[in-house]
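Asker: This is the structure, below, for whatever I ask next.
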2 protein chains.
Amino acid sequence: MSENGIDRRKLLTAGVALGGAALAGRASAAEGDPAILEVKPWNQYLGPGVEAAPYGVPSPYESHVVRRDVAWLTASTESSVNFTPIHELDGIITPNGLCFERHHAGVAEIDPAEHRLMINGLVETPLVFTMADLMRFPRENRIYFLECAANSGMEWRGAQLNGCQYTHGMLHCVMYTGVKLSTLLEEAGLRSSAAWVLPEGADASLMTRSVPLEKAMDDCLVAFRMNGEALRPEQGYPLRLVVPGWEGNMWVKWLRRLEVGDKPWQQREETSKYTDLLTNGKARRFTWVMDVKSVITSPSPQKPVGHGPGPMVISGIAWSGNGRVTRVDVSIDGGRNWRSARIDGPSLSKALHRFYLDIDWDGSELFLQSRAMDEAGVVQPTKDVLRAARGDNSIYHNNGIQTWHIKSDGSAENVEIS
Amino acid sequence: MSENGIDRRKLLTAGVALGGAALAGRASAAEGDPAILEVKPWNQYLGPGVEAAPYGVPSPYESHVVRRDVAWLTASTESSVNFTPIHELDGIITPNGLCFERHHAGVAEIDPAEHRLMINGLVETPLVFTMADLMRFPRENRIYFLECAANSGMEWRGAQLNGCQYTHGMLHCVMYTGVKLSTLLEEAGLRSSAAWVLPEGADASLMTRSVPLEKAMDDCLVAFRMNGEALRPEQGYPLRLVVPGWEGNMWVKWLRRLEVGDKPWQQREETSKYTDLLTNGKARRFTWVMDVKSVITSPSPQKPVGHGPGPMVISGIAWSGNGRVTRVDVSIDGGRNWRSARIDGPSLSKALHRFYLDIDWDGSELFLQSRAMDEAGVVQPTKDVLRAARGDNSIYHNNGIQTWHIKSDGSAENVEIS
């Protein structure tokens, strides 16, 4: 294989030469034909006009690009998870229709005219805001990833699920628009004893989590838009809390109340759930930050190579709750040798980063891994290192290095190597 | 009115005080009620589960947020325009379902397995690529605006259409993923006489435009994804040309061929159309760059103020084909006085920029204008300046300053003032 980068002579054969001088072709090239010269139906008809789709939808040929759940994972679909098909996506933006969703009592269907946000507790003046009220405060726009703390959790004890949609798809990344939480808390006026904030959702699960005031006053947003338009119902329409870089469970959806207090509330979702039981019987708690992590999205089990030897694009995503990702290394031999991948596109704090390694595949089997590093200097660990530190009771916060076994036929499998 | 920025005391009354000490309220505050204490239906039921929407859609309460056409503008809906509802959006990303669309023979419904891209003309080796072939080349991800040269064209002779969706909605901004056009041209090998490229679409209109080689080799992309997922059918699925900062007509959709030549082809869309007839009988031609421009999206005729005097968010977008927008000024008195707006969110070359001016409205009528400046030092002109230079025959490239007349009741109207 060539060193990081592409052999230009070989790339040439990714297209089909039309000229008289035939190029030394690979299988994928030889299969081609000058079909461009054929008349296609769509060269000839008048297609649907602008009245067809006031709100557009994907091509019918993309009907396989959907969120998927895992039936055995939860007791009911109202308290379940729908995974983002990250193996089908590129860049760093997740389209709204494909964003990972996790509910505890199904999707609340809220009339925004009836929705209210209350701030109470240790404030000078308890307040209630309508949606219209909130639109009168200064706004911010930020691209952030959201990752569930349970993402990759099913892999804690070993390779389980054959596809990054399931192993890493509790994840999305959009541009949020909203009011800084600090602006609203300052509006109510914090009392001197204020130290924690409890966001509460308006759905039947009444989701609550304790957020330390330092984070609340730093970069949290009370968001009403994602990728420009209103939040989607399953993402908390009309209002959700955005807690950049921290576990998704804290990003309370259908946000209706912010209580200010002087200590954490010890709610179910921060005691029974979202804690990590260690081997000594103690539990890690308040492990809010989503650690630096990455995964190769293509090729992967749901996205096999699809061509023979020659130029291959290895594509993946990396992210860190600590800020920007500064470097991603890729190994094709299960971690023995590493090459620096190319991070392409905007590099924004607490947002997805897209990386590529363009290789010349010789057709032999590969053990693909990626390893991200962030601006805090943290390096993504192996799963073995994680287990050595935390035992094997954990579910949450598995940011270990993922391995895909790429076979000579281009198919791929979720494996673990030690 | 307070100087640029918000009077904190007045903002307080945007929420409803719950405490015993009533705040001096405004109308909008007094109308409020502590409805948060009422039980809402959605606090009690189990909502739809994750099986409900493999590909999600907006809330039914957002059904007014759609693309719209102008029936009298074109002879048929297959050769027409669907405008982005920019008055309903925030941030800089346009969701795919709301992206402006313009067709000349309706939407081609292409099977990607049957689609081919040919490169021919003044190249060493004519090539044909399948979609699978293209996926083997190095990719880029970039957020770019697309603006039709005819955007605001109906306003050339004066204020016509009452809403920025119609005056400025031939515009969208997404993250594109694709292969650099230069990569593909280099793959075919350019002959020494090569100077121009002709992209051609696969729909029945066979759209073609002449692109100078310098631009083709600079930042053009052959794109297959927008906002992470496959291009939408109405945006050229499975392949479109991205010509950053240049008029949207050149961003050929359903791209099937790239011919390399030594001079422009003088096609219909660069002779009869997309030229500007001046008063002296000559026409401006090859005016590809979309000049620096901005518009206030809220408040605007379709998005009235919706509240009484007090804190008001003025929000808008700015963009330039020359690169980054460096500054946006806003006037509330029809251009007599200007204040610097706050540009918020990523500032990327040839992408939308979001700006805000947070004011304390005294309830009197306003004449809102915005004026953008770009990194090339170009300042958005008045419409009078444009007309003085080009007469009033033009349709295309109207980047003049827009005025909204905001009345005391909060309603807004498209007006011109000299």
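The values are calculated or read from the model by the stated rules, or taken from the named source; none is laboratory data. The model shown is predicted, which means the values in this text are computed figures rather than measured ones. Because the Cβ atoms are built from the backbone with ideal geometry, glycine has one as well, and the counts that use them run over all protein chains shown. SASA here: full protein model, heavy atoms, side chains in, ligands and nucleic acids out. Shrake-Rupley method; radii C 1.70, N 1.55, O 1.52, S 1.80 Å.
Asker: Could you list, bin by bin from short to long, the percent of Cα-Cα pairs of segment A:71-285 in 10 Å steps?
Answerer: 8, 33, 36, 18, 4, 0
Asker: What figure in square angstrom, to the nearest 10, would you give for the accessible area of residue B:168 with a 1.4 Å probe?
Answerer: So the heavy atoms of residue B:168 present about 0 Å² to solvent.
Asker: Quick one: ranking A:263, A:293 by accessible area, 1.4 Å probe, largest first, what do you get?
Answerer: Solvent-accessible surface, decreasing: A:263, A:293.
Asker: Taking the Cα centre of segment B:293-415 as origin, sum charge times position over the Cβ atoms of Lys and Arg (+1) and Asp and Glu (-1), and report the length of that vector in debye to the nearest 20.
Answerer: Taking the Cα centre of segment B:293-415 as origin, the dipole is about 460 debye.
Asker: For chain B, please report how many Lys pairs fall under 19 Å Cα to Cα, leaving out neighbours fewer than 8 apart on the same chain.
Answerer: Number of lysine pairs found: 12.
Asker: Sorted from shortest, what are the nm distances separating the label point of residue B:391 from equivalent points in the other copies, each placed 7 Å from Cα along Cα to C-beta?
Answerer: Distances between equivalent label points, in nm: 8.5.
Asker: Sequence-distant or interchain residues sharing an amide H contact under 5 Å with residue A:317, placed H: which?
Answerer: When sequence neighbours closer than 5 places are left aside, the close amide H contacts are A:295, A:297, A:355.
Asker: Determine ³J(HN,Hα), in whole Hz, for all residues of segment A:199-210 in sequence, where each value follows from phi through the Karplus function 6.51 cos²θ - 1.76 cosθ + 1.60 and θ = phi - 60°; x replaces Gly and Pro.
Answerer: Listing the rounded values in order: x, 10, x, 9, 7, 5, 7, 6, 3, 9, 9, 8 Hz.
Asker: Same structure, new question: Could you work out which residue, out of B:126, B:299, B:138, moves most in a Gaussian network model of chain B, that is, has the largest mean-square fluctuation with Cα springs under 10 Å?
Answerer: Residue with maximal mean-square fluctuation among B:126, B:299, B:138: B:138.
Asker: Can you tell me the dipole magnitude for segment B:71-285 around its Cα centre, using point charges on the Cβ only (Lys, Arg +1; Asp, Glu -1), in Debye to the nearest 20?
Answerer: Charge dipole of segment B:71-285: 420 debye, to the nearest 20.
Asker: Over the alpha-carbon set of chain A, work out the extent along each principal axis and list the three values in angstrom, largest first.
Answerer: Projected onto the principal axes, the Cα atoms of chain A cover 82, 62, 38 Å.
Asker: Right, something else. For label points placed 7 Å from Cα toward Cβ, what is the shortest-first list of nm distances from residue B:285 to its copies?
Answerer: 7.7
Asker: With Rg and the Kirkwood Rh both taken from Cα atoms, where does Rg over Rh land for the protein assembly as shown?
Answerer: That ratio equals 0.97.
Asker: Right, here's the next one. Using the Kirkwood radius built from alpha carbon pairs, what does the Stokes-Einstein equation give as D for segment B:293-415 at 10 °C and 1.306 mPa s, in µm² per second?
Answerer: In µm²/s, the coefficient rounds to 107.
Asker: Just checking the output field for A:106-118: average partner chain Cβ neighbours within 10 Å of each residue's Cβ?
Answerer: Neighbouring Cβ atoms belonging to other protein chains average 6 per residue here.
Asker: Within the set of other residues whose C-beta is less than 12 Å from the C-beta of residue A:139, count the net charge using Lys and Arg as +1 and Asp and Glu as -1.
Answerer: Taking every Cβ under 12 Å from that of residue A:139, the sum is +2.
Asker: Taking each label point as 7 Å beyond Cα in the direction of the beta carbon, state the distances from residue A:186 to the same residue in the other copies, shortest first, in nm.
Answerer: Nearest to farthest, the other copies are at 4.9 nm.
Asker: 222 nm [θ] for chain A, helices only, -39500 (n - 2.57) per DSSP H run of 4+, per residue, to 500?
Answerer: Roughly -2000 deg cm²/dmol at 222 nm, from the helical runs in chain A.
Asker: Counting other Cβ atoms within 10 Å, which trypsin sites (Lys or Arg not before Pro) in segment A:294-367 have at most 10 and lie in a DSSP loop?
Answerer: Here the trypsin sites (Lys or Arg not before Pro) that fit, given the DSSP loop and packing criteria, are A:336.
Asker: Still on this structure, I have one more. In square angstrom, what is the accessible area per residue of segment A:293-415 with a 1.4 angstrom probe?
Answerer: About 32 Å² of surface per residue is accessible.
Asker: Still on this structure, I have one more. Name the residues of segment A:251-278 whose accessible area falls by at least 50 Å² when all protein chains are present instead of the chain alone, probe 1.4 Å?
Answerer: So the qualifying set is A:256.
Asker: In Å², nearest 100, what accessible area do chains A and B bury in total when the solvent probe is 1.4 Å?
Answerer: Buried area (both sides, nearest 100 Å²): 10000 Å².
Asker: If you take the beta carbon distance between residue A:409 and residue B:52 as r and set R0 to 35 Å, what does 1/(1 + (r/R0)^6) give as a FRET efficiency, to the nearest 0.05?
Answerer: For R0 = 35 Å, the calculated efficiency reads 0.40.
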